[in-house]
1. Step by step: first the residues of the range 586-624, then only those that are part of a loop (DSSP other than H, G, I, E, B) and open to solvent by 50 Å² or more (accessible area, probe 1.4 Å), then the one that is modelled with the lowest pLDDT. Which residue is that?
2. Mind listing whichever residues of the range 460-491 are surrounded by fewer than 19 Cβ atoms within 10 Å (Cβ to Cβ) and either of a type in the set (Val, Ile, Thr) or closer than 21 Å to residue 638 by Cα (or both)?
3. Can you tell me which residues in the range 576-633 are over 19 Å from residue 370 (Cα atoms), of a type in the set (Gly, Ala, Ser) and out of contact with any Lys or Arg (no Cβ under 7 Å at 6 or more places or on another chain)?
4. Please go through the range 410-425 and pick out each residue that is within 14 Å of ligand 1 (Cβ to nearest atom) and open to solvent by 30 Å² or more (accessible area, probe 1.4 Å).
5. Kindly indicate the residue of the range 520-531 that is more than 9 Å from ligand 1 (Cβ to nearest atom) and assigned to a strand (DSSP E or B) and also nearest to residue 619 (Cα to Cα) among those meeting that condition.
6. List the residue pairs whose Cβ atoms are under 9 Å apart, where the first residue sits in the range 56-84 and is under 28 Å from residue 8 (Cβ atoms), the second is open to solvent by 60 Å² or more (accessible area, probe 1.4 Å) and among the charged types (D, E, K, R), and the two are 6 or more positions apart or on different chains.
7. Check 560, 566 and return the single one that is within 12 Å of ligand 1 (Cβ to nearest atom), over 30 Å from residue 618 (Cβ atoms) and exposed (fewer than 15 other Cβ atoms within 10 Å of the Cβ).
8. Given 298, 305, 242, which one is touching a residue at least 24 places away in the same chain (Cβ under 8 Å) and surrounded by fewer than 17 Cβ atoms within 10 Å (Cβ to Cβ)?
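The values are calculated or read from the model by the stated rules, or taken from the named source; none is laboratory data. Because the structure is a prediction, the values reported are computed rather than measured. FYI the Cβ positions are ideal-geometry reconstructions off the backbone, even for glycines, and counts take in every protein chain you see. These accessible areas exclude ligands, DNA and RNA; they are computed on the full protein's heavy atoms, side chains included. Shrake-Rupley method; radii C 1.70, N 1.55, O 1.52, S 1.80 Å.
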Amino acid sequence: MCRVSYSIERKAKAIEIFNTHHPLLSQSLSDPVSVAIMLQREGVITGQVLASVESASPSVPNQREVLLAAMREVIQNKYSLLQTFASVLCKFTGNLGAVIQRDYDRYLNDDKKLIKVMIRDDDSMSTDASSTESTPPRVPTVEIAIPQCMSDEFTSIQTSYGRMLYNIRKIIKKEPPPLDDVREYLCCCRSSLEPKLSLCSNITEILRAVEKECSLINVRLLQSLVEEFDIKEAEKLITEYKGILKEFCRTVKISLCLNEKFEALGGSPSLQCETVTYVFDWEPDEHMLQDIKQIISKTSGKLVKIKYIKKGNSIIVTCSFPHSLTGALIMKLNENLELLMKNGLMKLTVGYCTIWKKQKVQEIHSAFTTVGFVFITNHGIRRPLVDEAFSVAKKFFELPHESKKKYSRTSTSGNNGYIEMEQEDIDPTKPGDLKEAFNICSPTECVYPDDEVSDFKPVMTEILGTSRTLALKILEVMGHALKLQDPQFFVKNHQNLSNTTIPSYTTARVLYYPPLPSPAAVKPGQLRCGEHVDYGSITLLFQDPSGGLQVKQSNGSYIDVPYKSDAVLVNLGALMQNWTSDTYIASPHRVLNPINDTLWNSSRQSMAIFIHPDNDSLIECIDGSNKYPPVTAYEDSYRRLFVTYEKYDKTNETQS
Ligand SMILES: O=C(O)CCC(=O)C(=O)O
Ligand SMILES: [Fe+2]
């Protein structure tokens, strides 16, 4: 048959299936908006169609009709999307989706890709990838859903797999356990199978559903079934197969597995929301299939199944998991992120969300050598924690002036405490900044406002802890990026980040820029935060969406720094610029007063974590030059801070 008419026929069949189920869909499709949202995320319908479904509200029947009309058009263009539609429906209305899926499998699932497994009377096997017509009539052929293979290694494991499935079917069919018991057991093991199983009317159909849940390298469900129903002969076959499989995984290099399908063919393609993708920085010739199996099973809590492995710039492992386990899977992966990272993880996505992505060393290097500022995403600091920090800080800053003054930073408080409005000359050429701040430099010496804001200390302690961990990672990346002989050089000079008893100027600072009554209240040249460079090695900066931060470029002009809720802004301090002999740049920056009327009367918040080396670290130019004379980190920071607070410390001393 020519390809065109073949495809027309299949389209017609898909529409026929869709039409058959249309009456029921238009009566009982529940929650059409949620279905449409998922279809849009899966790339089946456009945002425009989604909007038209949503705006057909409030009437659910109208929403259904708009969605179904759009789906008919989609299927007319690409019939295979009927299958995706069915899979999405399964997440909302199990049976409707399962019935469409069954019809799709029956009439449209392309089993031409299957290899046939021939069973001779003596049960010895051979495989034949060509059509059955060439098979001599006396040799019985059984169709077992195993994928077509390319390499010899895969032919052999697939044949063993097919043989095991075939023989287990034979054994179970001879003396099938009660159908209802099997069904109930399987539903308990895998609730997502319930709609499919309810459509199975005999043991053969149930076994097919179980086989679809298995793959060349994962026969867990079948094994638990035969163990539960104590089918000894079948258990023996599975044990035998697992022995062969173990040896196979131990010896086969990943390079031989690329693009092979591990899952039994005939299963519907997983939706994106049920797909997890791992990208590893591995050479396919240097790792075995076993390495992938082990790391994935260990870090996912056995919740995922490997579908296929591909090679891009790195190794990409695509796995599937039941949508209902998304939350559990994300938690498990987060728990094991460190282990994955140690094993060369470059990127990890679950469904529509990126759990982690290694920002390229080169990207960070080029930002630090040019603008000195870089946004880092997937940094491991939860945004809700940042928001909590902003919220406790705001509670503090909104206290009456007299309460806040009890916690003032003084020349003897070790850079801890409250700094009031106009009491910091960060740009000594301009009037004091229109901001308030609270510094925590030494967590043990700092006096916290426990009586007024009880959660201030715990929240700030937590965020300082996670920031230290992130800072250590950035310092390590910088060591690599600068190609230092010892890439851990900066990390080793920042032991205060892992051991808080080691003295340093590392400081967590919450900043509050109060509402400003009117432009008239501001002195000439006075800003929320005057132009300055930070002092230490690196700063992690978190902002709210108010805006106002600007960075000065090398040509003297300023650029606005946008707000990115999921990113940490990292910039370099003067000490780091000197340390790297100006390879890395500490750019001047400032915070402008509100630029439009609506913002003029509102506050702004930010939080800066200033990272400093250990006090006794000797800062000498890393290129061996004497561009900046050696100085201890303590001396360097002390001098800079002295200038900033000199005037106010003096006034306060004379007042007291
Ligand atoms: O508030 C901001 O966004 C910037 C604050 C800042 O640069 C600083 O405190 O060093
Ligand atoms: Fe700054």
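1. Among those that are part of a loop (DSSP other than H, G, I, E, B) and open to solvent by 50 Å² or more (accessible area, probe 1.4 Å), it is 596.
2. 461, 466, 469
3. Result: 602, 603, 606, 617, 624, 625, 633.
4. 423
5. Of everything passing the filter in the range 520-531, 531 is nearest to residue 619 (Cα to Cα).
6. So the pair list comes out as 75/11; 76/11; 77/11; 78/11; 79/11.
7. The match here is 560.
8. Step by step, each of 298, 305, 242 is checked, and only 298 is touching a residue at least 24 places away in the same chain (Cβ under 8 Å) and surrounded by fewer than 17 Cβ atoms within 10 Å (Cβ to Cβ).
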